[in-house]
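*Asks:* Can you read through this structure? Questions will come right after.
The values are calculated or read from the model by the stated rules, or taken from the named source; none is laboratory data. Predicted, not measured: the structure shown is a model, and the values here were computed from it. Note that we place each Cβ from the backbone using ideal geometry, even for glycine, and neighbour counts take in every protein chain shown. For the accessible areas, the whole protein counts, side chains as well, though only heavy atoms, and no ligand, DNA or RNA atoms are used. Shrake-Rupley method; radii C 1.70, N 1.55, O 1.52, S 1.80 Å.
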Amino acid sequence: MLYLKYVSVVFFLMTYVSIFSQKEKKEISFFYRIKDNTEKYISEPNFKKARQYFLLKNWDSTLIYSLKQLSKSDSRFNINEYCYFFRGYSFQKKKILKESKREYLKITKNFIFYNYVLAYLGEIAMEERSFERSIDFFTKSIVFNKNYVVEVNKDNIYHNLGINYLHLKNYIKSEFYLLKSMQVEIDTLKLIRLYGNIANLYYEQYKDDLAIPYFKKAYEFSKTVDNFTLKSNTAKNMAVVEENRKDVTAALKYRKEYEQWKDSLNNHNKIWELAQLEKKLAVEKKQSEVNVLKAENKAKIAQRNGFLYTAITLLVLLSIITVYYRQNIKSKKTILHQKEELDVLNATKDKLFSIVSHDLRSSVNTLKLSNKKVIKNLEKENVKEAHQLVQQNSNLVSSAYNLLDNLLNWALLQTKQSYFEIKEIHLFFAIEHVAYNYIPLVKEKQLRFKNSVSKTIKVLADQESLKIILRNLLDNAIKFSEANGEIKVYAENSERLVSIIIEDTGLGIDEETQKKILEEKILLNKRKHKDIIGSGLGLQLCKSMIRKNNGTLSIVSELGKGTKMIVSLSKPL
């Protein structure tokens, strides 16, 4: 009888250790529930990886990434709960029970899978042979099951409660829970183990009549499964039972069957061990091949990198040479262009000084001769003729002064020394201010002058440069107008521009000259009229000033019928 109890106890211990390996269906449901409930947290990279490895049952990687997530200071509470759960579960699967228990105990009761936590803590306590604590955890887990859709395996919990009470010699409660676990739908393997444990329960109480039928049921069911361990243990139990019942023939039969299954199990284990050894040798051989390939690849990579670095170095050198060459060519082009511009400016300067000096010398020479005539007329007291000569001299001086003034302004513009500020200007008053200085000249030539610009019109321009433009254009209009002619100044408004029109009834300009005036290049001409000083510098200055004021110049003219000089400037918003 003692030998039978020893055998049964061995069978019982094997059962509680392996009972939780048969959870396939509910485990799948459990993992799906984990996946669904954690979907909303995958924006966290470390948690996403921890979850991924947990579902793949890669426990080491799960532990690494869950710890990384927990180390974040801004990690959310719910995510931390899942990380503790992942870690506890992973440690439990790795049989590191102390660390598993530590992680599980960090989880609060608000965690949706807290019933699983209690069940797993019950398993750990059971393996630590802390049976009363295990009972407490399993009992609480059953209560929590009521609040969740996916429950822990009740049959496992009842079965383990029965085993815990059996260890504590509380046979009544052990029987209650073992029989209750039978009422839940369970698979054949669990049923065989359950029958064995119930048989153990009755046998320890010397209730052989109740124990033996369960041993037989376990033996009969073991024939339907492909598990050498169960077949061996159930046959052994039946052999012991029959030996105690003094049925030597039946006992011998079961003992032989036990030995056969034991040999099959040993052979199976040897085959498995041999397969594992072959697998290990194959892995080592493959690893050796991999190492050789790695060394070869490393050499090839080093060679490739050498070629790559050489190519990159050559490419960089070629790029530097190309950039330097292009920069050199660009510099030479820039220098050549600057030289050409400088040559043009020098030629223009030479031409300008030639024309200006020629005009000034002519004016001064004319003044010199005219002054002699004035002196002679004054000596003869011919006042009328002396007055006419003085008036003529005044006009010559005025023209020479304008020429010098234009020369100064042109020089300031070219050397960028002139002050320039664009602002709102009342056009009417600017024209009146310039025209006032020409009243004597207009009267002398018997011209009619009219400023028809509205007093409300404003333009955006630099005040001093606008006066220079108006002065030169009015000067030209007066200069090239015949006696009794007419000069009009008026403005035309468009959506964004104001066009200032200075119209005269003078000599006019031919088409070829108009084109030359409007060209971008510098236009300087010697005077074409005997009594008119004109170098073209004034018009050149006007064009430059108009461009600086963001304006445009256009000409409408016909020989013998007068000229319209049109300056278009922006109007204030």
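*Asks:* Out of the stretch 129-141, which residues are over 12 Å from Asn160 (Cα atoms), open to solvent by less than 80 Å² (accessible area, probe 1.4 Å) and either assigned to a helix (DSSP H, G or I) or charged (D, E, K, R) (or both)?
*Replies:* Of everything in the stretch 129-141, just one residue is over 12 Å from Asn160 (Cα atoms), open to solvent by less than 80 Å² (accessible area, probe 1.4 Å) and either assigned to a helix (DSSP H, G or I) or charged (D, E, K, R) (or both), namely Ser141.
*Asks:* If I go through the stretch 30-88 residue by residue, how many of them are assigned to a loop (DSSP other than H, G, I, E, B), over 21 Å from Thr108 (Cβ atoms) and under 27 Å from the mean Cα position of the chain (by Cα)?
*Replies:* So in the stretch 30-88, the residues assigned to a loop (DSSP other than H, G, I, E, B) come out as 42-44, 56-58, 71-76.
After this cut, where a residue has to be over 21 Å from Thr108 (Cβ atoms) as well, the list is 42-43, 56-58.
If we keep only those that are under 27 Å from the mean Cα position of the chain (by Cα) as well, we get 42-43.
Residues meeting the conditions: 2.
*Asks:* While we're on this one: When you check Ser394 against the structure, is it at pLDDT below 90, surrounded by 15 or more Cβ atoms within 10 Å (Cβ to Cβ) and of a type in the set (Ser, Thr, Tyr), yes or no?
*Replies:* On the way: at pLDDT below 90: yes; surrounded by 15 or more Cβ atoms within 10 Å (Cβ to Cβ): no; of a type in the set (Ser, Thr, Tyr): yes.
So Ser394 fails the test.
*Asks:* Would you tally the residues in the stretch 213-232 being farther than 18 Å from Ile163 by Cα, open to solvent by 30 Å² or more (accessible area, probe 1.4 Å) and part of a helix (DSSP H, G or I)?
*Replies:* Count: 7.
*Asks:* For the stretch 8-24, state whether one or more residues are outside any helix (DSSP H, G or I), within 30 Å of Val241 (Cβ to Cβ) and at pLDDT below 85.
*Replies:* Yes, the conditions are met somewhere in the stretch 8-24.
*Asks:* How many residues are over 12 Å from Val567 (Cα atoms), hydrophobic (A, V, I, L, M, F, W, C), open to solvent by less than 50 Å² (accessible area, probe 1.4 Å) and not in a loop (DSSP other than H, G, I, E, B) when one looks only at the stretch 456-506?
*Replies:* So the count comes out to 5.
*Asks:* Here's a follow-up. So, in the stretch 162-205, exactly how many residues are more than 22 Å from Glu123 (Cα to Cα) and either touching a residue at least 40 places away in the same chain (Cβ under 8 Å) or in contact with a strand residue (DSSP E or B) (Cβ under 7 Å, 6 or more places away or on another chain) (or both)?
*Replies:* Number of matching residues: 3.
*Asks:* Also, quick follow-up: Scan the stretch 530-540 and give yes if some residue there is at pLDDT below 80, open to solvent by 40 Å² or more (accessible area, probe 1.4 Å) and farther than 16 Å from Ile487 by Cα, otherwise no.
*Replies:* yes
*Asks:* Exactly one of (1) open to solvent by 20 Å² or more (accessible area, probe 1.4 Å); (2) part of a helix (DSSP H, G or I); (3) more than 21 Å from Asn115 (Cα to Cα) is unmet by Phe91. Its number?
*Replies:* (3)
*Asks:* I would also like to ask the following. Against the conditions (1) open to solvent by 40 Å² or more (accessible area, probe 1.4 Å); (2) modelled with pLDDT of 90 or more, where does Glu151 fall short? Just the number, please.
*Replies:* Exception for Glu151: condition (2).
*Asks:* Give the stretch 212-264 a look and list any residue that's in contact (Cβ under 8 Å) with a residue 40 or more places away in the chain, hydrophobic (A, V, I, L, M, F, W, C) and farther than 19 Å from Lys190 by Cβ, or say none.
*Replies:* Matches in the stretch 212-264: Val240, Val241.
*Asks:* Considering only the stretch 233-261, state which residues are open to solvent by less than 40 Å² (accessible area, probe 1.4 Å), farther than 12 Å from Phe215 by Cα and not acidic (Asp, Glu). Break it down into steps so the answer makes sense when it comes.
*Replies:* Keep residues of the stretch 233-261 that are open to solvent by less than 40 Å² (accessible area, probe 1.4 Å), which gives 233-235, 237-242, 250-251, 254, 257-258.
Pick out the ones that are also farther than 12 Å from Phe215 by Cα and you get 250-251, 254, 257-258.
Within the stretch 233-261, Ala250, Ala251, Tyr254, Tyr258 qualify.
*Asks:* Among all residue pairs at least 6 apart or on different chains, which show Cβ distances below 6 Å where the first residue, located in the stretch 123-142, is aliphatic (A, V, I, L, M) and the second is open to solvent by 40 Å² or more (accessible area, probe 1.4 Å) and at pLDDT 90 or above?
*Replies:* Ile124/Lys101; Ala125/Arg133
*Asks:* Please find, among Ile79, Ile112, the residue that is free of Cβ contacts under 8 Å to residues at least 60 places away in the same chain and not polar (S, T, N, Q). Walk me through how you get there before you give the answer.
*Replies:* Numbers: Ile112 fails: free of Cβ contacts under 8 Å to residues at least 60 places away in the same chain.
Step by step, each of Ile79, Ile112 is checked, and only Ile79 is free of Cβ contacts under 8 Å to residues at least 60 places away in the same chain and not polar (S, T, N, Q).
*Asks:* Here's something else I'd like to know. Which one of these does Tyr53 not meet: (1) more than 28 Å from Ala125 (Cβ to Cβ); (2) open to solvent by 50 Å² or more (accessible area, probe 1.4 Å)?
*Replies:* Only one criterion is unmet by Tyr53, namely (1).
*Asks:* Please determine, by comparing only the residues of the stretch 181-194 that are open to solvent by 20 Å² or more (accessible area, probe 1.4 Å) and closer than 15 Å to Gly162 by Cα, which one is modelled with the lowest pLDDT.
*Replies:* Val184
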